[in-house]
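First up is the structure itself, then whatever we jot down about it.
Rule-based calculations on the coordinates, nothing more; no lab input. Nothing here was measured: the structure is a model prediction, and the numbers come from that model. Positions of Cβ are backbone-derived with ideal geometry, glycine not excepted, and every protein chain shown enters the neighbour counts.
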Protein chains: 2
Amino acid sequence: MPKLTFSAKAHSENPIKTIVQARNFKMIVDEPANLGGTDDGANPVEYLLAALAGCLNVVGHVVAKELGMELKGIEISLEGDLNPAKFMGQSDAERAGYQELRVAIKPDTNADQATLEKWLTAVETRCPVSDNIGNATPVKIELG
Amino acid sequence: MPKLTFSAKAHSENPIKTIVQARNFKMIVDEPANLGGTDDGANPVEYLLAALAGCLNVVGHVVAKELGMELKGIEISLEGDLNPAKFMGQSDAERAGYQELRVAIKPDTNADQATLEKWLTAVETRCPVSDNIGNATPVKIELG
């Protein structure tokens with residue numbers, strides 16, 4: 001299959017708030033007041049959770065269809081912890097980002113346990129966003 | 001520093017479109033028509049780009065302040081390619097997600113080249129989202 005390319009352009013509205021444009025969609029990324037922002041949008045690491053949730057929904061339905069598994073809907077809860085010390089320049093003892101992501105996915109289905117486990121394994125492996133978070137992905141940042 | 005926890009809840013509005021709630025923010029994740037969606041929002045891998053852009057802006061300003069580097073603003077371009085074959089269940093030859101991310105970051109500054117390079121290295125290392133994408137992060141998905 002031909003590769004798909006996705007892109008976005010962004011600019012700082014202020015030191016904390018970022019306006020991102022991807023195709024015809026504008027996304028506002030900010031921080032809550034206790035992290036120095038004006039709370040005009042979800043923050044970067046919450047956007048990461050949204051990316052993962054959206055991906056799991058799409059792939060969950062693709063895989064269910066392949067398995068002949070009825071799927072009326074999906075609910076997903078996601079959370080992660082991070083230590084802001086590295087980001088704030090106070091310590092390198094722990095990594096900058098989420099230390100792990102914990103996701104609970106609740107499919108509305110009558111499928112049996114064996115099918116559900118097969119489904120979950122395939123979803124996790126084939127979701128582009130869980131691949132990009134779960135496995136190292138080169139991030140090549142250059143001065144523009 | 002105490003760890004920070006971030007969380008989100010999501011549900012499928014349909015097999016492609018996902019509604020994500022993080023604190024008081026609702027994010028709509030969808031796909032364009034050519035990928036089977038109704039194009040009501042950016043897609044999951046575009047959300048990933050937004051997460052990275054927002055993070056680079058915040059960390060860019062934190063690091064600039066530490067370096068005493070004047071920074072009037074930042075523009076960021078981001079792109080990546082992925083092969084949909086694995087996601088679609090057609091081939092395991094290539095990974096599911098972005099094969100790499102290419103980012104051009106353009107700071108509005110009068111800083112000299114040496115300072116800029118120091119700045120860029122610190123930003124890349126300390127940005128939580130570039131850490132989570134650039135390095136493996138455990139994604140623990142369980143049936144809820």
- With the contact rule set at Cα under 8 Å and sequence spacing of 6 or more, what percent relative contact order holds for the range B:43-134? 35 percent
- Note on the structure: Rounded to one decimal in nm, the spacing of the 7 Å Cα→Cβ label points at B:Ser91 and A:Ala114 is 3.2 nm
- Task: Take the range A:3-49, compute every pairwise Cα distance, and split them into 5 Å bins from 0; I just need the percent in each bin.
- Result: 6, 22, 27, 24, 11, 6, 3, 1, 0
- Cross-link reach list, aspartates and glutamates versus A:Lys26, counting only Cα pairs under 18 Å and skipping chain neighbours closer than eight places: A:Glu13, A:Asp39, A:Asp40, A:Glu46, B:Asp30, B:Glu31, B:Asp39, B:Asp40, B:Glu46, B:Glu75, B:Glu79
- So what does the Cα-only Debye profile of chain B read at q = 0.14, 0.21 Å⁻¹, as log10 I(q)/I(0), no solvent term? -0.86, -1.41
- Message: Taking a point 7 Å out from Cα toward Cβ as the label site, list the nm distances between A:Glu79 and the same residue in every other copy, smallest first.
- Response: 4.0
- From the label point of A:Ala93, set 7 Å along Cα to the beta carbon, how far off in nm is each other copy's matching point, shortest first? 4.9
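Can you give me the convex hull volume of the Cα atoms of the protein assembly as shown, divided per residue and expressed in Å³?
120 Å³
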- Query: Of all GluC sites (Glu not before Pro) in the range B:58-90, which ones are in loop regions per DSSP and have a Cβ with at most 16 other Cβ atoms within 10 Å?
  - Reply: B:Glu70
- Which pairs, out of A:Lys140/B:Lys72; A:Lys86/B:Lys72; A:Lys17/A:Lys86; A:Lys72/B:Lys86; A:Lys72/B:Lys3, put more than 30 Å between their alpha-carbon atoms? A:Lys72/B:Lys3
- Query: Can you list the aspartates and glutamates whose alpha carbon is less than 13 Å from that of B:Lys118, not counting same-chain residues fewer than 8 positions off?
  - Reply: A:Glu142, B:Glu66
- Query: With charges set only on the Cβ (+1 for Lys and Arg, -1 for Asp and Glu), what does the dipole of the range B:43-134 come to about its Cα centre, in debye to the nearest 20?
  - Reply: 160 debye
- Message: On a straight-distance basis, which aspartates and glutamates could pair with A:Lys65 in a cross-link, Cα separation under 16 angstrom, same-chain partners fewer than 8 positions away excluded?
- Response: A:Asp108, A:Asp112, A:Glu117, A:Glu124
